[in-house]
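So the structure is just underneath, and the comments pick up after that.
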Amino acid sequence: MRVALLTALSVALGGVAVVWGTRPLLRSLARARAHAQGFDFDAKRARFGWGVVRFGDASLSSASLPGVTASFDEIVVVPSFTFGVRRIEVHGGRVRLAGSLRTLENELDSFRPARSTSDAHTAGERVPVVVDGLDVAWDDATNPGNDGHLWGARYRRSPDSHEALGADLARFAMNGATVEVARPEVELSRVSTHRVLDHVSAASLDATVDLDEAATLLATASDVAASPGTVPATKALDATPAKHDPTAIAPPENTTDPSSNRGPRWRAELRRGAAALSSMLRSGANAVLQKAHVRVQSGAEALNLGPADLVVARDDVRVHVSFAPGMERVATPLRIQLDLPIGDGPVDVGLDGGPISLGLLGVKEGDLGLENVDRAEVEATGKAQLSADGRSLSVSGRSRFVDVAVFQRKLAPEPVRDVQVGLSGELGVELDGSRIDLRNGTATVGRVTLETSGTLERGEDYSRGGFHVEAPLAACADILGSTPPALVPLLQGLEASGTFAFSGDLGFDTRRPADTRVDWKVANGCRVTEVPEGLSPARFEKPWVRSVLDKNDEPMTIESGPGTSAWVALRDISPFMPTAILVCEDSRFFSHSGFDEKAIHDSIRDNLRAGKFVRGASTVSMQLAKNLYLGREKTLSRKLQEAVLTLLLEQSLTKEQILELYLNVIEFSPGVYGIGPAAAYYFHSDARDLSLAQALYLGSILPNPKHQHFGRDGAIHPAWGVYLQHLMQIAHKVRRIDDHELEVGLGETVQFGAPAQGDEIAPASDVDPRDGEGDADVGPDYEPSAP
């Protein structure tokens, strides 16, 4: 665009210098000559110098180019003795471009004034031109965030039509990508009607790609897909369109769902880029930009690569872009190769190289939470292919990371170091989100392997899929030894024997929720053989101090354990309380070994049916492990340790001991821990005197003890009262209470701050704790209607 404007300027002024007359006449003739070429030219100052004509405060515009305005501080025309122009110089000025690139290109393409074949015009084409000090800015108001700027832009054209462009600094942003180049220099020469690159250089190049912004812009762009035959936005400089433009893009099939067109839009942008590069590069030629740096970011996360040589080359059918950080410093650099077909065809990306440290790749401390990047190494090989229509992406490869350190709060509260990870597999993705296929997926951590494969399909009103996950037989000691210490800090010193294996399958279709299939086989032979003193469940047989949160969520310490003031032995707790725990929290507590497989199955099924998380599968043993040993942070570290510590508790304690501990440490209200304080707080009662309804109320609030269900007068909300009666019916169904206890319970009135009435009866003493266990369950995720 800028080159075309300058050429038009030189032609418009071609005959001005031969005029010997007044300054108004000089300006008038210059305007007339420019008008003949389709431009409006004006200059506030015009004067003769020694062998030159100078125009000051000049402007150039055209009604046919509404998106372009140009003003120049000074234009110097050097006349020849043959009434022609020997040279044109432009010093300082501003060029403003407004509109999308496609709009600007279409304006310029349609603006083809009749070119004279006169000697003056022919001479004008060859007139040497020198431009310096231009400020060039582009802004696309239709797509916010798309803009560009050249500071200190310069241009030179020699008599043989050789051209050179440069700038002090160039910045260009489009579709979430930003490129900033310091001191770019480009040399061009003409081949027929095309300009081709002879040389490219820059002091540095910094590119940033914001994946979130790019996805949003491409999904909402209103004019990305052009109609057949439309000239692409990045058409080569002054190139004459061919009869068939291989870069023309048909409209996407789906114009209502932006996500369905995202892939074709990406492919369209790549096709345009390849067309522009191929037009400017001779076949067999290449351009090299040194000190290129790329930054990819998504939200608060970022990954840096480089500096490295960015090499662009082409052959007869494809453009090749290569980026290889670390090439000059190691014998095994990691090379990224992008192959773009000049016309139609798939786009290929290759990755190969290593081992190489992350630091030599250009990864910075903190990128993706990575630390000690100079020590960590990676080696990888793989390929990706974007289909010719841009609708599908396939990826395959393998990689290995050694001595990686990463700090991600979703993993652990402290940096996870010395990670040894291998990844491999094949992934196929329909970019409209309709299908994902994972084949031969393998993750290896130390000596432990996890294998997975599966398919996920999505339609307008359904989702369906099938997945297989398998952990081949491994020694329990190897599993512990392969887990980075920062992920399991509490387990250091713990030793285990035996073996573990897992195989699971999931199949679902939201249109037929009853057919949801969740099957797995677990061969858990792990046994804890050595326990550090701080983890030993034996320490809970006597008083201990633990840290909890008070009612204001501030840390405080409390003393727990047998012999402390708040401790209540299981024999001194109302038997209705274990009933409440089984009905509300863990119906199979006495039969599972810490992990309730049926609850896990039902949780997966119900969450898939609902399309969101509606039900968990935590057991009393798991909750006890969390309360005794762990904090409240939601991290992978906590879940891993919770699993092992649950196994430890189940192996070391009886079910009655677990239940006693649980009832004495669990939170019943902000700052209220244990059944003794809870009975006193809610009902001014001892734990032994809790009625059926009171026990069920305390059990029902455990999933969310901060939310209470009493009115200002202390009476229970009607809806919650109905819920408690529902729980009583379940307790009766599973034979935890008899007919008389049910009848009395249904007649109870639960009042905050009031003990049970005197006519309440004690629970039957001959009920086995295991009676009816597992026959029915409500669980902590049931919620009655709000009052």
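The values are calculated or read from the model by the stated rules, or taken from the named source; none is laboratory data. This is a predicted model, so every value here is computed, not measured. No Cβ is skipped: glycine too gets one built from the backbone with ideal geometry, and neighbour counts run over all protein chains shown. The protein model used for the area step is the full one, side chains on, heavy atoms only, and it has no ligands, DNA or RNA in it. Shrake-Rupley method; radii C 1.70, N 1.55, O 1.52, S 1.80 Å.
For this structure, a couple of remarks:
- Test: residue in region 378-387 that is over 24 Å from ASP339 (Cβ atoms) and more than 21 Å from the chain's Cα centre (by Cα): no
- Within the option set SER587, SER593, being over 34 Å from the mean Cα position of the chain (by Cα), surrounded by fewer than 20 Cβ atoms within 10 Å (Cβ to Cβ), in contact (Cβ under 8 Å) with a residue 12 or more places away in the chain and closer than 30 Å to GLY507 by Cα holds for one residue only, SER593.
- Restricting region 422-451 to residues that are basic (Lys, Arg) and over 30 Å from GLY498 (Cα atoms), the residue that is most open to solvent (accessible area, probe 1.4 Å): ARG439
- Residue match in region 363-372 (condition: charged (D, E, K, R), out of contact with any Asp or Glu (no Cβ under 6 Å at 6 or more places or on another chain), surrounded by 18 or more Cβ atoms within 10 Å (Cβ to Cβ) and not in a strand (DSSP E or B)): yes
- In region 324-349, the residues that are in a strand (DSSP E or B), out of contact with any helix residue (DSSP H, G or I) (no Cβ under 9 Å at 6 or more places or on another chain) and open to solvent by less than 20 Å² (accessible area, probe 1.4 Å): none
- The one condition in (1) within 28 Å of VAL518 (Cα to Cα); (2) surrounded by fewer than 17 Cβ atoms within 10 Å (Cβ to Cβ); (3) not polar (S, T, N, Q) that GLY454 fails to fulfil: (2)
- Within region 470-488, being part of a strand (DSSP E or B) and touching a residue at least 40 places away in the same chain (Cβ under 8 Å) holds for one residue alone: LEU473.
- Selection status of ARG605, under 22 Å from GLN651 (Cα atoms) and open to solvent by 50 Å² or more (accessible area, probe 1.4 Å): no
- Enumeration of residues in region 148-190 that are in a strand (DSSP E or B) and out of contact with any Asp or Glu (no Cβ under 9 Å at 6 or more places or on another chain): GLU185
- For region 147-163, filtering for residues that are more than 41 Å from the chain's Cα centre (by Cα) and surrounded by fewer than 17 Cβ atoms within 10 Å (Cβ to Cβ) leaves 6.
For every residue, the table says whether it meets (1) closer than 20 Å to GLU451 by Cβ; (2) crowded, with 17+ Cβ neighbours inside 10 Å; (3) at pLDDT 90 or above.
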site	(1), (2), (3)
LEU491	no, yes, yes
GLU495	no, no, yes
THR499	yes, no, yes
PHE502	yes, no, yes
ASP505	yes, no, yes
ARG511	no, no, no
THR516	no, yes, no
ARG527	no, no, yes
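- Taking region 39-118 as the region of interest, the strands (runs of 3 or more DSSP E) fully inside it that hold 3 or more residues being open to solvent by less than 70 Å² (accessible area, probe 1.4 Å), touching a strand residue (DSSP E or B) at 6+ places or on another chain (Cβ under 6 Å) and at pLDDT 90 or above are 53-61, 68-79, 85-98.
- Taken over region 701-713, the residue count meeting the criterion of being over 22 Å from ILE730 (Cβ atoms) and either more than 49 Å from the chain's Cα centre (by Cα) or open to solvent by less than 20 Å² (accessible area, probe 1.4 Å) (or both) is 1.
- Among the candidates TYR673, TYR682, the residue that is farther than 29 Å from ILE604 by Cβ, open to solvent by less than 10 Å² (accessible area, probe 1.4 Å) and touching a residue at least 60 places away in the same chain (Cβ under 8 Å) is uniquely TYR682.
- Restricting region 246-285 to residues that are modelled with pLDDT under 50 and over 16 Å from LEU101 (Cβ atoms), the residue that is least open to solvent (accessible area, probe 1.4 Å): PRO252
- Scanning region 400-441 for residues that are in a loop (DSSP other than H, G, I, E, B) and not hydroxyl-bearing (Ser, Thr, Tyr) yields PHE407, GLN408, ARG409, LYS410, LEU411, ALA412, PRO413, GLU414, PRO415, LEU431, ASP432, GLY433.
- Within region 524-574, the set of residues being more than 15 Å from LEU653 (Cα to Cα), basic (Lys, Arg) and assigned to a strand (DSSP E or B) comprises ARG546 only.
- Selected residue [in a helix (DSSP H, G or I) and open to solvent by 20 Å² or more (accessible area, probe 1.4 Å)] from LEU661, LEU645, LEU698, LEU640: LEU640
- Within region 382-395, the set of residues being within 18 Å of SER424 (Cβ to Cβ) and either basic (Lys, Arg) or touching a Lys or Arg at 6+ places or on another chain (Cβ under 6 Å) (or both) comprises LYS383 only.
- Residue in region 2-20 that is more than 30 Å from THR103 (Cβ to Cβ), at pLDDT 50 or above, over 54 Å from the mean Cα position of the chain (by Cα) and surrounded by 17 or more Cβ atoms within 10 Å (Cβ to Cβ) present: no
- Candidate set: region 124-147, residues that are assigned to a strand (DSSP E or B) and either of a type in the set (Ser, Thr, Tyr) or in contact with a helix residue (DSSP H, G or I) (Cβ under 9 Å, 6 or more places away or on another chain) (or both); chosen: the one nearest to LEU211 (Cα to Cα): TRP138
- Checked against (1) in contact (Cβ under 8 Å) with a residue 24 or more places away in the chain; (2) open to solvent by 50 Å² or more (accessible area, probe 1.4 Å); (3) assigned to a loop (DSSP other than H, G, I, E, B), ASP352 meets all criteria but (3).
- Hey, LEU393 in a strand (DSSP E or B) and touching a residue at least 40 places away in the same chain (Cβ under 8 Å) or not: yes
- Cross-chain or 6+ apart pairs with Cβ under 7 Å, region 498-521 first and closer than 15 Å to ASN607 by Cβ, then open to solvent by 30 Å² or more (accessible area, probe 1.4 Å) and polar (S, T, N, Q): THR510/SER463
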